[in-house]
Amino acid sequence: MQDSQIQEFIKLLVAGQSRIYSYIMAVIGNRDDADDIMQETTSMMWQKFGTFEPGTDIVAWGISIARFRILEFRRKQRKDAKIRFSEKTFIALEQESKKRLEDIDDYVSLLKNCVEKLSSRDKNLVDLRYEQGLSVKDISRRMNRTVQNVYYHISRIHNLLLICIKDLIKSGNY
């Protein structure tokens, strides 16, 4: 694989891995098992990246690979007599997981729309806390505010975003 292909794979994987993992976790329900399946899925995606069609949905592709890893995991569980769900229950869980991923995409879209409506000061605070992952203590130092003041502003922003999302859902403008 060429360097550009490697970089493209990493870029796409980073963008989609949390959604793929969410799907696996929703179906499996156990973090250790989900971590193992995610690792196997990522490895398989890497091995098969040459067959991935550019411009298609990496998450859908990753979920289809994860589904086979999950089925293999379930077969092994059955052999080890640790089966947790019937096949019918597994299929129902899988369908519900896919639906919830779609719901999450809609919610993220609404959230992005509402974040854009925030003041630049509030956007900066959201960026520091959620994009850069700074602790409230670090933000308070950086902005020369008290920790309580930062918590207050984050809480206020949460409320503004919640109201905005509810209003968008009510109006159907999303």
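What the table below lists for this structure:
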quantity: Filtered residues of region 130-154 (kept if closer than 21 Å to V108 by Cβ, part of a helix (DSSP H, G or I) and of a type outside the set (A, V, I, L, M)); calculated: Y130, E131
quantity: Cross-chain or 6+ apart pairs with Cβ under 7 Å, region 112-131 first and in the same structural domain as V150 (by TED's automatic domain parsing), then of a type outside the set (S, T, Y) and part of a loop (DSSP other than H, G, I, E, B); calculated: V126/L118; L128/L134
quantity: Any hit, region 95-104, residues being under 30 Å from H153 (Cβ atoms) and out of contact with any Asp or Glu (no Cβ under 9 Å at 6 or more places or on another chain); calculated: yes
quantity: Verdict on K166 being closer than 19 Å to I104 by Cα and exposed (fewer than 11 other Cβ atoms within 10 Å of the Cβ); calculated: no
quantity: So A81, is it in the same structural domain as L93 (by TED's automatic domain parsing), among the small types (G, A, S) and at pLDDT 85 or above; calculated: no
quantity: Those residues of region 132-163 which are loosely packed, with under 14 Cβ neighbours inside 10 Å and among the small types (G, A, S), in sequence order; calculated: G133, S135, S155
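Residues checked against (1) out of contact with any Ser or Thr (no Cβ under 8 Å at 6 or more places or on another chain); (2) more than 30 Å from I63 (Cβ to Cβ); (3) modelled with pLDDT of 90 or more; (4) of a type in the set (S, T, Y):
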residue: V108; (1), (2), (3), (4): yes, no, no, no
residue: L111; (1), (2), (3), (4): yes, no, no, no
residue: Y130; (1), (2), (3), (4): yes, no, no, yes
residue: R145; (1), (2), (3), (4): yes, yes, yes, no
residue: Y152; (1), (2), (3), (4): yes, yes, yes, yes
residue: L161; (1), (2), (3), (4): yes, no, yes, no
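Listed here are the residues, each with its yes/no results for (1) hydroxyl-bearing (S, T, Y); (2) farther than 20 Å from R100 by Cβ.
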{"position": "V27", "(1), (2)": "no, no"}
{"position": "D35", "(1), (2)": "no, no"}
{"position": "Q39", "(1), (2)": "no, yes"}
{"position": "M44", "(1), (2)": "no, yes"}
{"position": "F49", "(1), (2)": "no, yes"}
{"position": "E53", "(1), (2)": "no, yes"}
{"position": "T56", "(1), (2)": "yes, yes"}
{"position": "V59", "(1), (2)": "no, no"}
{"position": "I65", "(1), (2)": "no, no"}
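The values are calculated or read from the model by the stated rules, or taken from the named source; none is laboratory data. In this text the structure is predicted, and so the values were computed from the model without any measurement. In this analysis, Cβ positions are derived from the backbone assuming ideal geometry, glycine residues included, and neighbour counts consider all displayed protein chains.
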